[in-house]
Every structure is written in C-alpha cells, then in structure tokens.
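Enquirer: The structure follows.
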Amino acid sequence: MSDGSSPLTGACVCGGVRFEITEPLESASYCHCTRCQRRTGAGASANAATAPGSLRVVAGEELLRSWTPPDGMAKVFCSECGGHVFAEHPSDPERRGVRLGAIDGDPGIRPSFHQYVAYAAAWEPILDDGLPRFPERRPAD
Ligand SMILES: [Zn+2]
Ligand SMILES: [Zn+2]
C-alpha cells in the first residue's frame with residue numbers, strides 16, 4: 001500500500017526480478033489487444049503508466065529479456081519464469097509502463113478505461129464497470 005512516501009515495489013513470478021517505483025503511477029487501463037492476450041494468456045492486460053525515470057530494477061537485471069514489436073513498446077519479462085514486468089519505450093528507456101499484476105499490494109491507482117475493445121476475447125465479456133471503452137488505442141487527449 002502506497003502512501004506516496006514509500007516506493008511501490010513489484011516482482012516477476014519467480015521473484016528473481018524486483019523493481020521499485022518512486023513516484024505515483026500516472027494512469028492505468030485495461031488493454032484488450034491481441035498482443036496483450038497472447039503475451040499474458042488472458043483476456044486483457046492491466047497496465048499503468050509510470051512517471052518518467054521512476055521505475056528502477058533493484059534485482060535480477062540480468063534475467064530480463066524483451067521483445068520489441070516494430071510498432072510498439074518493448075515487452076520486458078523475466079527469462080527464468082516468463083513473467084512480464086514492464087514495457088519500455090524503444091528509444092527512451094525512462095518511459096516505462098508497468099504491469100499492474102506485477103506490483104506488490106495496492107498500486108494506489110485503478111484502471112480508468114478499456115482500450116482495443118474491438119479485439120476483445122470472444123470468451124470473456126468485458127466487465128460492465130462503467131469505464132470508457134475505446135475500440136482501438138485511446139485517442140491522445
Ligand atoms: Zn522470474
Ligand atoms: Zn495491449
């Protein structure tokens with residue numbers, strides 16, 4: 001549980017990779033894109049944007065591997081357990097998005113929209129949670 005003074009912490013499945021986030025998360029959302037389904041094996045992925053430079057790997061840096069699609073963020077995961085921990089901008093490693101499920105305890109933020117709902121899994125209806133839904137990527141403000 002974050003009170004804004006202690007950093008958030010998180011880890012991969014096996015615990016070999018650990019990270020901390022020293023500033024409050026900026027926004028969070030559910031992504032229903034096909035890539036997130038393939039990456040997680042789930043119907044959607046919950047992600048949060050971090051303040052630039054605020055996510056720091058504190059253990060297991062050598063275990064990290066990534067896959068960078070031609071048109072998106074690098075997907076960074078633990079080579080030991082396969083657990084995804086964050087996404088990183090290919091040309092600016094300060095810009096990272098964190099996987100909410102990798103965070104210990106309460107991340108201090110809640111997802112506020114759904115994106116890429118046009119690709120949502122046929123087998124999992126999107127929760128009727130009142131949040132805005134965008135067929136593709138959420139348009140920039
Ligand atoms: Zn691991
Ligand atoms: Zn996605």
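Enquirer: Amide H of V58: which non-local residues (sequence gap of 5 or more, or other chain) have their own amide H closer than 5 Å, using H built in the peptide plane?
Expert: R18, F19, E20
Enquirer: Using modelled amide H (1.01 Å from N, peptide plane; none on Pro or chain starts), what sits under 5 Å from the amide H of G83, excluding residues fewer than 5 places away?
Expert: Those lying under 5 Å, H to H, from G83 are V13, C14, C78.
Enquirer: Now, a different point. Evaluate the Kirkwood expression for the hydrodynamic radius of segment 58-132, namely the inverse of the mean inverse distance over all pairs of different C-alpha atoms, and round to one decimal in Å.
Expert: 14.7
Enquirer: Something else now. At q = 0.11, 0.18 Å⁻¹, what log₁₀ I(q)/I(0) does the chain have when each alpha carbon counts as one equal point scatterer in the Debye sum?
Expert: -0.39, -1.07
Enquirer: Please work out the C-alpha center-to-center distance from segment 97-141 to segment 36-74 and express it in whole Å.
Expert: Cα centroid to Cα centroid, the span is 15 Å.
Enquirer: Just tell me the longest site-free run in the chain, where the sites are GluC sites (Glu not before Pro) in a DSSP loop having at most 13 other beta-carbon atoms within 10 Å.
Expert: The longest uninterrupted stretch comes out as 27-135.
Enquirer: While we're here: Let me understand segment 1-80 better: what is its radius of gyration from the alpha carbons, and its Dmax, in angstrom?
Expert: That works out to 13.5, 38 Å for Rg and Dmax.
Any read-out appearing in this document is the output of simple, stated calculations on the displayed coordinates, not a laboratory observation. Note that the structure is predicted; figures quoted are calculated from it, not measured. Quick reminder, even Gly has a Cβ in these numbers, built from the backbone with ideal geometry, and neighbours come from all protein chains shown.
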